[in-house]
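The values are calculated or read from the model by the stated rules, or taken from the named source; none is laboratory data. Predicted, not measured: the structure shown is a model, and the values here were computed from it. Reconstructed Cβ throughout: ideal geometry from the backbone, glycine too, with neighbour counts over all protein chains shown. When the accessible area is computed, the model is the full protein with side chains, heavy atoms only, and any ligands, DNA or RNA have been set aside. Shrake-Rupley method; radii C 1.70, N 1.55, O 1.52, S 1.80 Å.
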Amino acid sequence: MRTLLARSFTIADVTALRGVVASSAASCGLRGPRLEDFVLAVHEAVVNAVKHGGGDGHVRIWTVDGVIRAEISDHGSGIPGGYDHGRRQPPEHAHSGRGIYLINRLCDAADFRTGPDGTTVRMTMRLPRPASARHGRAMKRIRVMAEGGHRPSRFTA
């Protein structure tokens with residue numbers, strides 16, 4: 001496990017924190033749309049902590065076993081009942097609920113733990129395999145035989 005970031009934040013830190021999250025995730029291999037998705041998901045969780053969780057929180061980002069994880073915690077009163085934890089897209093006229101939905105859609109996995117003492121959101125994204133790992137393995141060869149042990153004249157996959 002390698003910790004990339006661990007710090008508390010308030011509303012004054014939101015903009016700068018987005019840049020720190022981006023550089024931390026990029027440093028371990030996230031690129032392009034996956035990097036943008038991860039940064040946006042973390043940003044949504046941070047904004048939710050500030051807006052709904054008491055005005056401050058704590059962020060921790062680390063890598064382990066080929067994934068990057070971010071955990072955002074706050075000490076608010078928890079996610080109100082009635083939310084479906086972002087499994088469905090909010091209606092166009094809704095004024096809230098998009099953050100949880102986006103977190104679920106953008107990350108490979110998201111876990112929400114909430115109660116009267118606060119909320120913790122954990123987001124996970126798979127990291128790309130290093131180039132050395134991709135090129136170091138030879139492909140397995142598969143031999144296809146027809147019934148009776150004869151090689152087929154044509155094979156379509």
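Among the residues of the range 24-33 satisfying the criterion of being in a helix (DSSP H, G or I) and in contact with a strand residue (DSSP E or B) (Cβ under 9 Å, 6 or more places away or on another chain), which is farthest from GLY53 (Cα to Cα)? Walk me through how you get there before you give the answer.
Within the range 24-33, the first condition is being in a helix (DSSP H, G or I), and the residues that meet it are 24-27, 32-33.
Within this subset, residues satisfying the condition of being in contact with a strand residue (DSSP E or B) (Cβ under 9 Å, 6 or more places away or on another chain) are 24-25, 27.
Details: SER24: 24, ALA25: 25, SER27: 29 Å.
The residue in question is SER27.
Could you grab me the full set of residues in the range 60-78 that are among the small types (Gly, Ala, Ser), part of a loop (DSSP other than H, G, I, E, B) and either touching a Cys at 6+ places or on another chain (Cβ under 6 Å) or crowded, with 16+ Cβ neighbours inside 10 Å (or both)? Steps first, answer last, please.
So the first thing to find is which residues in the range 60-78 are among the small types (Gly, Ala, Ser), and the list is 66, 70, 73, 76-78.
Keeping just the survivors that are part of a loop (DSSP other than H, G, I, E, B) gives 66, 76-78.
If the condition is that a residue be among the small types (Gly, Ala, Ser), part of a loop (DSSP other than H, G, I, E, B) and either touching a Cys at 6+ places or on another chain (Cβ under 6 Å) or crowded, with 16+ Cβ neighbours inside 10 Å (or both), then GLY76, GLY78 are the ones that fit.
How many residues, within the range 7-56, are of a type in the set (Lys, Arg) and closer than 15 Å to HIS75 by Cβ?
Result for the range 7-56: 1.
For every residue, the table says whether it meets (1) open to solvent by 20 Å² or more (accessible area, probe 1.4 Å); (2) closer than 17 Å to ASP13 by Cβ; (3) at pLDDT below 95.
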{"site": "GLY32", "(1), (2), (3)": "yes, no, no"}
{"site": "ALA41", "(1), (2), (3)": "no, no, no"}
{"site": "VAL46", "(1), (2), (3)": "no, yes, no"}
{"site": "ALA49", "(1), (2), (3)": "no, yes, no"}
{"site": "GLY54", "(1), (2), (3)": "yes, yes, yes"}
{"site": "HIS58", "(1), (2), (3)": "yes, yes, no"}
{"site": "PRO80", "(1), (2), (3)": "yes, no, yes"}
{"site": "ASP84", "(1), (2), (3)": "yes, no, yes"}
{"site": "HIS95", "(1), (2), (3)": "yes, no, yes"}
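Please state which of the following conditions SER8 fails to meet, knowing it meets all the rest: (1) part of a helix (DSSP H, G or I); (2) open to solvent by 50 Å² or more (accessible area, probe 1.4 Å).
The single condition SER8 does not satisfy is (1).
Considering only residues that are farther than 13 Å from TRP62 by Cβ and among the small types (Gly, Ala, Ser), which ones fall in the range 1-22?
Of everything in the range 1-22, those that are farther than 13 Å from TRP62 by Cβ and among the small types (Gly, Ala, Ser) turn out to be SER8, ALA12, ALA16, GLY19, ALA22.
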